[in-house]
Amino acid sequence: MSDSPTVLLTVSRAIDALNAWLGRGCAWLTLFMVAATTVVVLLRYGFGIGAIALQEAVMYAHALVFMGAAAWALQRNAHVRVDIFYQRFGRRRQALVDLLGTLLFLLPVCLFLGWSSWDYVASSWATREVSGESGGLKFVYLQKSIILVLVVSLCLQGLSELIKAGLLLAGRLQEVEHG
């Protein structure tokens, strides 16, 4: 049983590495968004040319930046937190708050979001939904799938945070590692 914390930490670190990789990849999309938006504006107002597909690509990238990097933000402790008291707590009490917050809020909300959006995404995949705009992208079903990326990555990160908080509370971890 003494190997249990090691195995759990290995799982936690693997989840952290996966979400860090996804988050960093999504963060680079912000450069694409700036460049593509600049091109769209120049084409429209400088040359009177519309670029619907490029505009939609910016929307897809925007969705990926926020939903694809949400778990990475949680991992790095960069998420929105109302920490009137949290910042004054010791590490163990913070770990307890993190554990309870994950169990009572994060995971139930993620599971509800996954359950309530499953049919929405599945319907889009079943019809291989495309843009309603002429000249738009043919991959609306992929954009809608980003919701499930959010759900899966946040659930996995929640599991990682539970492992770290649990080990800290059990005295098997000295400091919770944030990405």
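Here's a check for you: in region 92-131, which residue that is of a type in the set (S, T, N, Q) and more than 18 Å from the chain's Cα centre (by Cα) is most open to solvent (accessible area, probe 1.4 Å)? Can you show your working first?
Of region 92-131, the ones of a type in the set (S, T, N, Q) are 94, 102, 116-117, 123-124, 127, 131.
If we keep only those that are more than 18 Å from the chain's Cα centre (by Cα) too, we end up with 94, 123-124, 127, 131.
Details: Gln94: 44, Ser123: 70, Ser124: 2, Thr127: 102, Ser131: 21 Å².
If we take residues in region 92-131 being of a type in the set (S, T, N, Q) and more than 18 Å from the chain's Cα centre (by Cα), then Thr127 is most open to solvent (accessible area, probe 1.4 Å).
A quick yes/no check of all residues on (1) surrounded by 14 or more Cβ atoms within 10 Å (Cβ to Cβ); (2) more than 18 Å from the chain's Cα centre (by Cα):
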| site | (1), (2) |
| --- | --- |
| Arg13 | yes, no |
| Ala17 | no, no |
| Gly23 | yes, no |
| Val41 | no, yes |
| Leu54 | yes, yes |
For this session: Output the number of the condition that Trp28 fails; it satisfies all remaining conditions of (1) surrounded by 13 or more Cβ atoms within 10 Å (Cβ to Cβ); (2) at pLDDT 95 or above; (3) over 12 Å from the mean Cα position of the chain (by Cα).
Result: (1)
Seminar exercise, completed: A careful count of residues in region 10-50 that are touching a residue at least 24 places away in the same chain (Cβ under 8 Å) and either farther than 29 Å from Val152 by Cβ or among the aliphatic types (A, V, I, L, M) (or both) gives 10
Exercise. Among Ala78, Ala63, which is the only one that is open to solvent by less than 60 Å² (accessible area, probe 1.4 Å), within 30 Å of Leu162 (Cα to Cα) and within 13 Å of the chain's Cα centre (by Cα)?
Worked result: Ala63
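Give the residue, chosen from Ser145, Ser117, Ser131, that is outside any helix (DSSP H, G or I) and touching a residue at least 24 places away in the same chain (Cβ under 8 Å).
Values: Ser145 fails: outside any helix (DSSP H, G or I); Ser117 fails: outside any helix (DSSP H, G or I).
Going through Ser145, Ser117, Ser131 in turn, just one is outside any helix (DSSP H, G or I) and touching a residue at least 24 places away in the same chain (Cβ under 8 Å): Ser131.
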Problem set entry | Failed item in (1) over 20 Å from the mean Cα position of the chain (by Cα); (2) polar (S, T, N, Q); (3) surrounded by 13 or more Cβ atoms within 10 Å (Cβ to Cβ), with Gln143 passing the rest | (1)
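Among Leu99, Leu54, Leu104, Leu64, which is the only one that is touching a residue at least 60 places away in the same chain (Cβ under 8 Å), more than 15 Å from Val152 (Cα to Cα) and aliphatic (A, V, I, L, M)? Spell out how you get there, then give the answer.
Numbers: Leu54 fails: touching a residue at least 60 places away in the same chain (Cβ under 8 Å); Leu104 fails: touching a residue at least 60 places away in the same chain (Cβ under 8 Å); Leu64 fails: more than 15 Å from Val152 (Cα to Cα).
Within the list Leu99, Leu54, Leu104, Leu64, the selection yields Leu99.
The values are calculated or read from the model by the stated rules, or taken from the named source; none is laboratory data. Bear in mind the structure is a predicted one, so any value in this text is a computation, not a measurement. Cβ sites come from the backbone with ideal geometry, for glycine too, and all protein chains shown count toward neighbours. In case anyone asks, the SASA skips ligands and DNA or RNA and just uses the protein heavy atoms, side chains included. Shrake-Rupley method; radii C 1.70, N 1.55, O 1.52, S 1.80 Å.
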